[in-house]
Ligand code: PCG
């Protein structure tokens with residue numbers, strides 16, 4: 001699909017969730033240079049998802065298609081079985097495979113039940129590349 005053909009869908013969220021997502025995006029090294037309008041549009045288009053403790057959110061080596069912001073709970077990042085770090089609420093993850101068009105560089109596992117906001121590759125890339133007026137359709 002051409003960029004102009006992609007219709008972005010926005011998902012209702014509380015003021016608190018919207019602010020958490022915005023801060024997470026603005027604190028991420030790779031996204032902090034985006035225009036404010038792009039940050040707001042990414043925030044708008046993120047959809048909610050939950051996973052249970054122990055679930056694999058991202059598997060190292062897989063083709064990646066989703067960028068996440070963690071809202072509640074904790075995740076662990078591992079590479080070849082070794083722990084790299086743990087991540088708590090208000091952080092972006094899963095951006096590297098999409099930004100660099102590579103496979104997932106590490107695994108991410110839920111250490112607790114977690115609440116996430118997610119945006120898929122096509123929407124993310126559309127927002128990254130498109131400027132000007134965005135047509136929204138309310139979900
Ligand atoms: P991605 O898409 O490669 O999937 C795994 C994610 O783990 C990665 O993006 C980063 O967002 C996240 N991550 C957090 N800390 C690290 C780290 O120290 N190294 C790597 N490779 N990824 C990390």
Within segment 52-73, considering residues that are buried (at least 16 other Cβ atoms within 10 Å of the Cβ) and more than 10 Å from the ligand (Cβ to nearest atom), the one nearest to residue 100 (Cα to Cα): 69
Members of segment 74-91 found to be on the phi > 0 side of the Ramachandran plot and surrounded by 14 or more Cβ atoms within 10 Å (Cβ to Cβ), listed by number: 90
Considering residues of segment 92-112 that are touching a strand residue (DSSP E or B) at 6+ places or on another chain (Cβ under 7 Å) and more than 8 Å from the ligand (Cβ to nearest atom) only, the residue nearest to residue 12 (Cα to Cα): 110
All positions within segment 35-51 that are within 16 Å of the ligand (Cβ to nearest atom) and in a loop (DSSP other than H, G, I, E, B): 46
Unmet requirement for residue 31, which otherwise passes all of (1) within 12 Å of the chain's Cα centre (by Cα); (2) at pLDDT 95 or above: (2)
Any pair with Cβ under 9 angstrom, 6 or more apart, that starts in segment 77-91 at a residue that is touching a residue at least 24 places away in the same chain (Cβ under 8 Å) and within 13 Å of residue 61 (Cα to Cα) and ends at one that is part of a strand (DSSP E or B) and within 8 Å of the ligand (Cβ to nearest atom): 78/84; 78/107; 78/108; 79/107
Leading residue by the ranking (farthest from the chain's Cα centre (by Cα)) among those in segment 70-84 that are within 22 Å of residue 49 (Cα to Cα) and assigned to a strand (DSSP E or B): 78
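Return the total of residues in segment 12-22 being crowded, with 16+ Cβ neighbours inside 10 Å and part of a helix (DSSP H, G or I). Walk me through how you get there before you give the answer.
Within segment 12-22, the subset crowded, with 16+ Cβ neighbours inside 10 Å is 13, 17-18, 20-22.
If we keep only those that are part of a helix (DSSP H, G or I) too, we end up with 17-18, 20-22.
Adding up the residues that qualify gives 5.
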Filtered residue count, segment 92-114, keeping only those that are in a strand (DSSP E or B) and surrounded by 15 or more Cβ atoms within 10 Å (Cβ to Cβ): 7
Of the criteria (1) assigned to a loop (DSSP other than H, G, I, E, B); (2) closer than 23 Å to residue 33 by Cα; (3) away from the ligand (no atom under 11 Å from the Cβ); (4) out of contact with any strand residue (DSSP E or B) (no Cβ under 6 Å at 6 or more places or on another chain), which one residue 125 fails: (1)
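The values are calculated or read from the model by the stated rules, or taken from the named source; none is laboratory data. A quick note: this is a predicted structure, and the numbers were derived from the prediction, not measured. Every residue, glycine as well, gets a Cβ built from its backbone with ideal geometry; the counts of neighbours run over all protein chains shown.
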